[in-house]
Each structure stands twice: as structure tokens, then as C-alpha cells.
Amino acid sequence: MRTGKVRDLYTNSSGELLLVASDRVSAFDWVLPTEIPGKGAVLTQLSLFWFEKLASVVPNHILSTDVPEQVKGRAVIVMPLEMFPIECVARGYLTGSGWSEYKKSQTVCGIALPAGLLDGSQLPTNIFTPATKAEIGDHDINIDFEEALKISPQAGELRDLTLKLYGAAADYAKERGIILADTKFEFGTDASGKIILGDEALTPDSSRFWEAESWVPGGAQASFDKQYLRDYLTSSGWDRESAPPELPQDIVEKTAQRYRDAYLRLTGTQFN
């Protein structure tokens with residue numbers, strides 16, 4: 001068994017992997033001490049929705065949803081992959097760490113951007129902004145494309161796939177009244193060397209989903225992701241260096257509701 005920030009991984013006798021999404025939640029590269037009930041199931045089912053919808057763009061790692069009863073709904077059987085050591089991030093809007101960098105240098109991951117953009121502004125074009133993968137407790141670090149190429153010679157292919165996936169998903173989300181501001185993908189190679197989409201895809205944990213109807217650049221946006229949780233932690237006085245605090249029950253419930261709302265808006269079906 002291997003344990004990540006929010007997932008547990010088991011290998012069966014055939015070498016296939018059982019990927020279990022827990023109800024743990026991470027923020028600012030920390031795993032929080034309080035779980036979000038039902039989160040693992042929502043993320044698993046939403047990922048399956050996206051994997052199927054985007055299968056024509058790139059193959060994914062799903063082999064089966066026939067899993068043990070005790071993890072049914074929040075686990076999948078996946079193929080083993082040799083994962084690329086970079087996070088593949090696509091941005092169509094300026095926010096988060098991108099906004100922080102822009103204010104200092106008018107760039108994001110070394111990509112020059114026009115003057116006058118605001119927090120929440122749509123970018124002139126979608127951009128690929130890779131990051132290093134951090135160990136639990138460490139911080140992912142944004143890097144430029146040249147640095148990504150040094151880490152992985154296939155960074156060009158990963159960039160093209162990332163932007164293609166993001167573009168297709170953002171177009172679909174907009175039809176559902178949601179702005180996909182940014183998202184993170186993880187890729188690996190199978191036994192034959194083919195690039196495969198792994199981990200999760202386009203969930204409230206790995207993406208920023210904004211309410212399209214109320215979007216106005218210049219500050220925080222109404223969202224269907226864990227930004228609500230991040231905002232609480234930012235306002236709580238936590239220094240991000242010491243162990244994170246327990247979450248109040250109302251924050252847990254409102255975060256869980258945002259995950260379910262994202263599922264409903266994107267899939268058109270109520271999460272059960």
C-alpha cells in the first residue's frame with residue numbers, strides 16, 4: 001500500500017492498481033486533520049465522467065470500476081504508469097499563484113502577459129504553467145517551460161495534451177454555466193511508452209470552477225471548488241508553516257456542498 005495526500009494505492013496480484021480516493025482534503029500542500037464526508041466518492045465519479053468525455057483526446061488509466069464493496073463508488077482499478085515528474089497545469093484565467101507572480105513581474109511561469117490584468121481576468125490565450133511535484137508537507141514550485149523540458153524531455157507533448165484537454169473541458173463547462181479557470185493534470189506512460197492520463201481529472205480538488213453568471217474580474221469569484229476552504233484557512237490566522245487546524249463543522253458542510261454542486265452542474269445529475 002502507498003498513501004498520497006488524499007489517495008491510497010494498492011497493487012493486486014496482476015500488477016494492476018486499486019486507487020482509492022479518501023475523504024482527506026489538502027490545502028496549501030498540507031493534508032488537513034478534518035475530512036470532508038463523501039468527497040472521495042464525488043471526486044471519483046466526476047473523474048470517471050471526464051475520463052469518458054475526453055477519451056478521444058488522450059487515453060486514460062481506468063481499467064475497471066469493479067472494486068471491493070467497502071470502497072465501491074470511491075475507487076477504481078487502474079493500469080500502472082511511469083508518472084512524469086511534473087504537474088501539468090493549464091490556465092485560462094489569472095488567479096492564485098499566477099496572480100501573485102503577475103503582480104511582481106507581469107509574467108506567469110515565465111510567460112509574459114499584457115499589463116492591466118486583474119485577479120480573475122481572462123488571459124489572452126490559454127497557457128501551460130508546469131510545476132514540480134512536492135513530497136507531502138513540501139510545496140509545489142511553479143517552473144517555466146525550459147525548466148520543465150530539463151525535467152522531462154516530453155514536456156512539449158505534455159503541454160500540447162494539457163492545453164487540448166483544458167480547451168475541450170472549458171468549452172463544455174461553459175455550456176453548463178461554469179468557468180474552468182485553471183486545472184491540473186498528471187500523465188504517465190504505459191508499458192509501451194504511450195502517454196496516458198492518470199490520477200484524477202477536472203475535479204474541485206484539481207481545478208478552479210467559477211460561476212459564469214457572476215464572474216467579474218477584480219477579486220474573489222463565486223466558486224464550486226475548495227477555494228472556499230482555502231479562504232477560510234487564510235482568514236483563520238494559520239501560518240501555513242505549522243500543522244493546520246481542525247475545520248469547524250459549518251466549513252466542512254459548506255465545502256462538501258460545493259463539491260456536490262460542482263458534480264450536479266457539470267454532469268447534470270444529482271450526486272447520490
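Read-outs: derived from the displayed coordinates by stated rules, not from any lab. No experiment lies behind these values; they were computed from the predicted model shown. Every residue, glycine as well, gets a Cβ built from its backbone with ideal geometry; the counts of neighbours run over all protein chains shown.
Here the relative contact order of the stretch 113-203, from alpha carbon pairs under 8 Å that lie six or more residues apart, stands at 16 percent. Using a Gaussian network model of the chain whose springs link C-alpha atoms within less than 10 Å, name the residue from T132, T162, T183 with the highest mean-square fluctuation. Comparing T132, T162, T183 in the GNM, the peak value goes to T132. Among the GluC sites (Glu not before Pro) found in the stretch 84-184, those both in a DSSP coil and sparsely packed, with 12 or fewer other Cβ atoms within 10 Å of their Cβ, are E135. With Cα atoms defining each centre, the stretch 1-70 and the stretch 91-122 are spaced 31 Å apart in the structure.
With helices as the sole contributors, the chain gives -9500 deg cm²/dmol at 222 nm; each DSSP H run of n ≥ 4 counts as -39500 (n - 2.57), and the sum is divided by every residue. To the nearest Å, what is the center-to-center distance of the stretch 147-169 and the stretch 185-263, using C-alpha atoms only? Comparing the Cα centres of the stretch 147-169 and the stretch 185-263, I get a distance of 22 Å. Taking the inverse of the mean reciprocal distance over all distinct Cα pairs, the Kirkwood hydrodynamic radius of the chain comes to 19.2 Å.
Here r is the Cβ-Cβ distance between T11 and A55 and R0 is 22 Å; the resulting FRET efficiency, rounded to 0.05, is 0.35.
Computed from point charges on the beta carbon alone (+1 for Lys and Arg, -1 for Asp and Glu), the dipole magnitude for the stretch 82-224 about its Cα centre is near 420 Debye. When you restrict to C-alpha pairs under 8 Å that are six or more residues apart and normalise by the size of the chain, the relative contact order lands at 21 percent. Working from Cα pairs under 8 Å separated by at least six residues, relative contact order for the stretch 51-141 is 26 percent.
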